[in-house]
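Worksheet: one structure, shown below.
Derivation of every value follows stated rules applied to the coordinates shown; laboratory data play no part. The structure displayed is predicted, hence computed values, not measured ones. Reconstructed Cβ throughout: ideal geometry from the backbone, glycine too, with neighbour counts over all protein chains shown.
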Amino acid sequence: MAPEVNAAVEEAHRHGILTAASLMVTGAASAEAVALARRLPTLRTGLHVVLLEGVPALPPEKVPGLVGPDGRFRTDMVRMSVDIAFRPRVRAELRAEIEAQFLAYRATGLALDHVNAHKHFHLHPVIARDIIAIGRRFGVRALRVPREPAAVLARAGFPGRGFPPPVTPWLRLLAGRARAAGLHAPDAVFGLAWSGGMSASRLRGLIPHLPPGLVEIYFHPATRDGFDGAAAGYRYQGELEALTDPGVAALMRTPEVTLGGFADF
């Protein structure tokens, strides 16, 4: 996304608990990110499929239903979701763009640890179907299913809003499709309710209450806030500090916890 993000990924992996990162193949600093990942053989990397608020891998004229007049992906998520569901031409463009992003990732030469999507857009049933079908051809083995147990957040002392009830059926559908495709998916994911605010205090409160199984905790670290492309209100630097906090690292150094990317499990 930005040099500040790349630098934070390296710092959090070398000096903190970060074990995996997701690549935006058309991001402004993607070439630098690839070079960084090649220098960090123990960092697992995957594809972050971007279909909103970014730049397509295909020329904009090849995906007119997905982009605005500026050639960038649309920002009207609800309207775009409807177009994807009901307009065959837009669905064809979607498939082509997803495949182009997988091809771009393959061209990096990096191992494909996992796939997820910007703003969890793969909860859309059509997008989920295409990412799984296309991803399997590229050897994808793991997919994020963003189910965040609200009860765990409450026990950690930081109740979060989690996903609203209408999304629950799509979570079940995505989880079922992942299982049917033989993909690894986390049993629980944390980082949704506190997106952009995964502080060290929250992480120290959460870790002792993590449920058993395969758990993903995701972050948006950067070496400073307010960089080009930063989301309003996100505390990127605070999330980097959480990933490198000595107290957090100590909580992770127990026999009950094994860190890694999806490929390690």
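Couple of notes before you dig in:
- Virtual spin-label span in nm between R224 and A104, 7 Å along Cα→Cβ: 2.6
- Tilt relative to the chain, helix 88-108 - C-alpha long axis, 0 to 90 degrees, to 10: 50
- Among T19, T254, T168: highest mean-square fluctuation, GNM of the chain, C-alpha pairs under 10 Å: T254
- Put simply, the amide H of A142, placed in the peptide plane, has neighbours under 5 Å in V115, H184, leaving out anything fewer than 5 places away on its chain.
- Taking amide H as placed 1.01 Å from N in the peptide plane, F190 has its amide H under 5 Å from the amide H of E216, I217, Y218, each at least 5 places away in sequence or on another chain.
- Average Cα contact separation per residue, the chain, under 8 Å, 6 or more apart, as relative contact order %: 21
- Available extension along the chain between E32 and H209 is 60.1 nm, counting 0.36 nm per residue and deducting the alpha carbon span.
- The calculated pair-distance distribution of segment 138-265 uses every alpha carbon pair, bins of 10 angstrom beginning at 0, and gives 12, 38, 36, 14, 0 percent.
- Directionally averaged projected area (segment 88-207, Cα convex hull): 8.6 nm².
- Inter-label distance, nm, simple model (7 Å from Cα along the C-beta direction), T168/A231: 2.4
- In order through segment 212-228: 3J(HN,Hα) via Karplus (6.51 cos²θ - 1.76 cosθ + 1.60), integer Hz, x for Gly, Pro: x, x, 8, 10, 10, 10, 10, 9, 10, x, 7, 6, 7, 7, x, 6, 5
- 3J(HN,Hα) couplings calculated from phi for segment 116-126 with the Karplus curve 6.51 cos²θ - 1.76 cosθ + 1.60 (θ = phi - 60°) are, in sequence order, 8, 9, 4, 6, 6, 5, 6, 5, 5, x, 5 Hz; Gly and Pro show x.
- The phi torsions of segment 237-245, fed into the Karplus equation with coefficients 6.51, -1.76 and 1.60 and a -60° offset, translate into couplings of 5, x, 6, 5, 4, 5, 5, 10, 5 Hz, rounded to whole numbers, with Gly and Pro shown as x.
- On Cα atoms only, tilt of 3-15 relative to the major axis of the chain in degrees: 40
- Degrees, to the nearest 10: 168-180 long Cα axis against longest axis of the chain: 90
- Distance between the 7 Å Cα→Cβ label points at A85 and A250: 5.0 nm.
- Alpha-carbon gyration tensor eigenvalues x 5, square-rooted, for segment 3-264, Å: 29, 21, 18
- Here is the list for segment 149-237: trypsin sites (Lys or Arg not before Pro) lying in DSSP coil, each with at most 15 other C-beta atoms within 10 angstrom of its C-beta, are R161, R224.
- Ranked for footprinting exposure by Cβ neighbours inside 10 Å, fewest first, D187, D245 give D187, D245.
- Around the Cα centre of segment 3-264, unit charges on the Cβ atoms of Lys, Arg, Asp and Glu (plus for the first two, minus for the last two) sum to a dipole of about 820 debye.
- FRET efficiency estimate (nearest 0.05) - Cβ-Cβ, F265 to K62, R0 22 angstrom: 0.05
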